[in-house]
Amino acid sequence: MTSGRYADGAYLAANPSWHEEDGEWKAQRIYELLQGTGAAAPVSVAEVGCGTGGILRALQRLLPAEAVLSGYDIAPAAIERARRHANERLSYHCEDIARAGRTFDLLLCVDVFEHLEDPFSFLRSIRAVAPRVVFNIPLEMHVAGILINHPLWTRRQFGHLHYYTAALAFETLRECGYQVTAHRYVSRLMDLPRSASEWIFWLPRRLVALASPELSARLLGGTSLLALARCEPPGA
């Protein structure tokens with residue numbers, strides 16, 4: 001995995017907020033996905049690549065009071081920020097979750113494996129952490145993005161090394177031992193547009209998404225795949 005830019009402060013310099021402003025919105029979408037399955041709320045939740053911890057902080061307010069949440073990240077600067085908001089049932093750890101030796105009811109993997117040189121090994125390494133995983137995968141392989149060379153910008157700004165359509169994301173998860181049991185197409189750019197460019201594309205994205213969210217993702221981008229998956233432990 002490419003850990004240098006996250007551990008040495010380069011990512012923080014390029015992204016000073018560490019995307020904390022999106023934490024509330026992402027937590028709400030995750031909670032809605034879980035609610036839609038009808039399954040009991042998880043008692044223990046971990047997040048791999050938690051950054052500054054905004055998703056877990058927001059999710060704690062939505063889950064039952066007895067839920068225990070733990071965030072893991074390899075970036076010391078991010079964990080230092082996150083720990084300012086730690087509490088009795090919310091903790092943050094600067095370590096590799098795959099080597100921590102802990103297990104949980106649910107694992108969150110939100111906008112993570114597109115950053116890694118070897119996403120396949122990573123996805124297989126976290127299968128023992130929890131029986132269920134929520135993935136959020138940006139769908140950055142789309143027509144508009146290719147026309148304006150958008151992947152090059154996300155590579156330089158965010159360190160994204162891999163780009164997905166929904167079909168490729170599903171196939172990657174399947175190849176790594178996951179079975180997707182529920183999914184949604186989600187878009188912060190459509191729900192909460194902030195910049196001029198996001199507003200320009202808002203109406204076309206919204207209109208196409210009314211017919212097909214998957215088609216909107218393939219043509220115009222700005223969409224992520226939010227998926228709940230079951231996983232078999234390594235060796236199963």
Comparing Ala100, Ala41, Ala67 in a Gaussian network model of the chain (Cα, 10 Å), the one with the largest mean-square fluctuation is Ala100
Among Pro151, Ser91, Ser197, the residue whose Cα sits farthest towards the positive end of the charge dipole of the chain (+1 at Cβ of Lys and Arg, -1 at Cβ of Asp and Glu, taken about the Cα centre) is Ser197
Out of Pro42, Ala77, Tyr163 - ranked by how far each Cα lies towards the positive end of the dipole of the chain, with unit charges on the beta-carbon of charged residues - the top one is Pro42
For the chain, dividing by residue count, accessible area per residue (probe 1.4 Å) in Å² works out to 47
The range 9-71, accessible surface, carbon-and-sulfur percent (1.4 angstrom probe)
56
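In terms of the ratio Rg/(2.2 N^0.38 Å) built on C-alpha atoms, what value belongs to the chain?
Working: Rg = 17.0 Å, N = 236, 2.2 N^0.38 = 17.5 Å.
Taking the Cα Rg and dividing by 2.2 N^0.38 Å, one obtains 0.97.
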Theoretical gain in end-to-end length, Ala10 to Phe120 [0.36 nm per residue, Cα-Cα removed]
37.1 nm
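The values are calculated or read from the model by the stated rules, or taken from the named source; none is laboratory data. Just so we're clear, the structure is a prediction, and the values are computed from it rather than from any experiment. Glycine gets a Cβ as well: all are built from the backbone with ideal geometry, and neighbour counts include every protein chain shown. Ligands, DNA and RNA are stripped out before the accessible areas are found, and what is left, the full protein with its side chains, is counted by its heavy atoms. Shrake-Rupley method; radii C 1.70, N 1.55, O 1.52, S 1.80 Å.
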